[in-house]
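The values are calculated or read from the model by the stated rules, or taken from the named source; none is laboratory data. What you see is a predicted model; the values in this text were computed from it and never measured. Every residue, glycine among them, receives a Cβ derived from its backbone with ideal geometry; neighbour counts consider all protein chains shown.
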């Protein structure tokens, strides 16, 4: 079975997050660009980076004091003052109130793009509590504490999985996130089983082993690395951040597995308040790196049509 795989390397641009229409247009533009070279008649998988939707929490319909704030903390405090009673629970109240407004915008933008392009979409991630929806209650949170979580959608625009990040960075813990559920990271689809391990999760053996044991042939690693690509890597300064990332990344993680054959690593770039993101998106297979973004900054698409296992 042939499948077209594409990773979107996305630079954060403020104007893409200011309104629902702007965000939906940006998602549509990026999916269309990622599929520009896809052969006709084959299934498509397009993956977006970790935290791709996070700026919606801060910039969607935001006042100027939030947009122009000097730091994430200052922006969150400005929103908290605006939210009033909705933010009585402090930071968790901020996440809960803002995520409730943002979640439908996030979901609908990717739902529309999945349907329009008949593609499987891995929709990056944002910080939000778990949500559910039912006719009598509408959209409602299932948890108080937020997770770093995303969406996997099928070509019909239906949600197939809501992957959560299980291994958090110290910065995420300071932001009061809670570790996610590893069982959320598997999506069983008509093109076989896919696994989504958000950023750091894909460097943890136990989680990769779990994905392989679940029968996943594709491992998607949405990433947002807030560090210069060419800095000395802190655990071993003889290597740069980028050298370590590629040497220890998906090509090594999937090698010799029972089921895992391909890996897709879309990366966020650009500046979000004080956080500078850099990284070279890549696509790997049994022979190693199949496609690699030219540089660690700006927009890019890495893509290839591969021979995937026939779904059992």
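Descriptive notes on the structure:
- Matching strands (runs of 3 or more DSSP E) fully within segment 107-208 where at least 3 residues are surrounded by 15 or more Cβ atoms within 10 Å (Cβ to Cβ): 120-123, 126-128, 147-149, 159-161, 186-189, 192-196
- Against the list (1) under 30 Å from residue 73 (Cα atoms); (2) outside any strand (DSSP E or B); (3) within 21 Å of the chain's Cα centre (by Cα), the condition residue 271 fails is (2).
- Among the residues making up segment 209-226, a single one is surrounded by fewer than 17 Cβ atoms within 10 Å (Cβ to Cβ) and either under 23 Å from residue 293 (Cα atoms) or in contact with a helix residue (DSSP H, G or I) (Cβ under 6 Å, 6 or more places away or on another chain) (or both): 226.
- Note on segment 209-226: among residues that are touching a residue at least 60 places away in the same chain (Cβ under 8 Å) and part of a strand (DSSP E or B), the one that is nearest to residue 259 (Cα to Cα) is 217.
- Condition check for residue 234: under 19 Å from the mean Cα position of the chain (by Cα), surrounded by fewer than 19 Cβ atoms within 10 Å (Cβ to Cβ) and more than 21 Å from residue 2 (Cα to Cα): no
Each row is one residue, and each column tells you yes or no for (1) within 24 Å of residue 114 (Cα to Cα); (2) surrounded by 19 or more Cβ atoms within 10 Å (Cβ to Cβ); (3) under 22 Å from the mean Cα position of the chain (by Cα).
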site: 5; (1), (2), (3): yes, yes, yes
site: 11; (1), (2), (3): yes, no, yes
site: 37; (1), (2), (3): yes, no, no
site: 57; (1), (2), (3): yes, yes, yes
site: 65; (1), (2), (3): no, no, no
site: 83; (1), (2), (3): no, no, no
site: 96; (1), (2), (3): no, yes, yes
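- Against the test of being assigned to a loop (DSSP other than H, G, I, E, B) and at pLDDT 95 or above, the options 298, 263, 312 yield a single qualifying residue, 298.
- Which listed residue, of 241, 258, 274, is in contact (Cβ under 8 Å) with a residue 12 or more places away in the chain, more than 18 Å from residue 30 (Cα to Cα) and buried (at least 16 other Cβ atoms within 10 Å of the Cβ): 241
Each row is one residue, and each column tells you yes or no for (1) over 27 Å from residue 126 (Cβ atoms); (2) part of a loop (DSSP other than H, G, I, E, B).
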position	(1), (2)
228	no, yes
238	yes, no
247	yes, no
259	yes, yes
283	no, no
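- Residue check, residue 78 touching a residue at least 40 places away in the same chain (Cβ under 8 Å), in contact with a helix residue (DSSP H, G or I) (Cβ under 9 Å, 6 or more places away or on another chain) and either over 30 Å from residue 264 (Cα atoms) or not in a strand (DSSP E or B) (or both): no
Condition check ((1) under 28 Å from residue 76 (Cβ atoms); (2) without any contact (Cβ under 8 Å) to a residue 40 or more places away in the chain; (3) in contact with a strand residue (DSSP E or B) (Cβ under 7 Å, 6 or more places away or on another chain)) across all residues:
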site: 146; (1), (2), (3): yes, no, yes
site: 153; (1), (2), (3): no, no, yes
site: 156; (1), (2), (3): no, no, no
site: 162; (1), (2), (3): yes, yes, yes
site: 173; (1), (2), (3): yes, yes, no
site: 176; (1), (2), (3): yes, no, no
site: 187; (1), (2), (3): no, yes, yes
site: 191; (1), (2), (3): no, no, yes
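- Some residue of segment 19-34 being touching a strand residue (DSSP E or B) at 6+ places or on another chain (Cβ under 9 Å) and in a loop (DSSP other than H, G, I, E, B): no
- Residue that is surrounded by the fewest Cβ atoms within 10 Å (Cβ to Cβ) [pool: residues in segment 285-295 that are in contact with a strand residue (DSSP E or B) (Cβ under 7 Å, 6 or more places away or on another chain) and outside any strand (DSSP E or B)]: 294
- Segment 13-25, residues that are within 24 Å of residue 156 (Cα to Cα), surrounded by fewer than 21 Cβ atoms within 10 Å (Cβ to Cβ) and touching a residue at least 24 places away in the same chain (Cβ under 8 Å): 20, 24
- Residues of segment 10-53 satisfying the condition of being under 14 Å from residue 302 (Cα atoms) and out of contact with any helix residue (DSSP H, G or I) (no Cβ under 8 Å at 6 or more places or on another chain): 30, 33, 34, 36, 37, 38, 45, 47, 49
- Pair list, Cβ under 7 Å, 6 or more apart: segment 117-142 residue on the phi > 0 side of the Ramachandran plot and touching a residue at least 60 places away in the same chain (Cβ under 8 Å), other residue outside any strand (DSSP E or B) and surrounded by fewer than 21 Cβ atoms within 10 Å (Cβ to Cβ): 118/155
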